[in-house]
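*Asks:* Got a structure for you, written out below as structure tokens; questions coming shortly.
The values are calculated or read from the model by the stated rules, or taken from the named source; none is laboratory data. Computed from a predicted structure; not experimentally measured. Positions of Cβ are generated from backbone atoms using ideal geometry, with glycine treated the same way; all protein chains shown enter the neighbour counts.
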Amino acid sequence: AKGRSVSGRLRIAAPYEFGAHHLGAVACAMLANHPELEVDIDVEHQPVNLFDQQYDIVFTMVDREIPSTSGAVKRVFSLERGLFASPSLFKELEPPQTPYDLKSLPLLAAASDIEWNFTDSAGGGHSIPVVAPRLRSSNAGIRLQAAIEGLGVARITSTFCEPAVAAGRLERLLEDFECAPLRVYALLPARRLMPVKVRLFLDTLETMSRSAASSH
């Protein structure tokens, strides 16, 4: 995309986990290709007001479908998630063979997790209630750290865990069961035309998340 140079400032708001670990790489790729471009990424712990006109793109993460009242939903990205734990966790405990075995293991959950949903290889659905996890945090970095330290089983986006898995600090569990993906919505303030820099950012994100998903 070097041919079409874009310039000016692109302002983005995103939740912490997505902003820190997924948008950073996209922003760097765009900045490298477009010397005239500037990018502001506000990484928020609280949901951003979707009608805040100071942003060009507001990313939001929801496990359920988003209501289409605003008419601003432009694109959905699905990020693959997995279950991860340190090999040290299973010195004392049995590794899970099915999602139902998670009920007897310590869990590291996001703040909003009520249940973890899985699909088996035959397409059957399984729902595991998340009750009294050892750790609750909306910050994936904290859950990752706790998982590496052997404190429990975390459900996190796979790309975020790759370095720890490659280093042998985490292993992926229940690979025959697919976790419900993390759905990320890109909301654009109601403008009639999508600016080129916005479209380019979304296209770059799509390309990079697709290549991350296909590398497994």
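*Asks:* Within the set of pairs 6+ apart or on separate chains, which have a first residue in region 162-190 that is within 22 Å of ILE148 (Cα to Cα), a second that is among the β-branched types (Val, Ile, Thr) and modelled with pLDDT under 90, and C-beta atoms under 7 Å apart?
*Replies:* LEU182/THR157
*Asks:* When you scan region 82-89, do you find a residue that is hydroxyl-bearing (Ser, Thr, Tyr) and modelled with pLDDT under 85, even just one? Steps first, answer last, please.
*Replies:* Going residue by residue through region 82-89, those that are hydroxyl-bearing (Ser, Thr, Tyr) are 86, 88.
From what is left, the residues that are modelled with pLDDT under 85 are none.
Among the residues of region 82-89, not one is hydroxyl-bearing (Ser, Thr, Tyr) and modelled with pLDDT under 85, which makes the answer no.
*Asks:* Residues of region 195-205 being in contact with a Leu (Cβ under 9 Å, 6 or more places away or on another chain), crowded, with 16+ Cβ neighbours inside 10 Å and not aliphatic (A, V, I, L, M), which ones?
*Replies:* LYS197, PHE201
*Asks:* How many residues does region 25-45 contain that are loosely packed, with under 13 Cβ neighbours inside 10 Å and either under 29 Å from ARG143 (Cβ atoms) or under 19 Å from the mean Cα position of the chain (by Cα) (or both)? I'd like the intermediate steps shown before the answer.
*Replies:* To start, the set of residues in region 25-45 that are loosely packed, with under 13 Cβ neighbours inside 10 Å comprises 28, 32, 35-36, 38, 45.
Remaining after also requiring either under 29 Å from ARG143 (Cβ atoms) or under 19 Å from the mean Cα position of the chain (by Cα) (or both): 28, 45.
Final tally of qualifying residues: 2.
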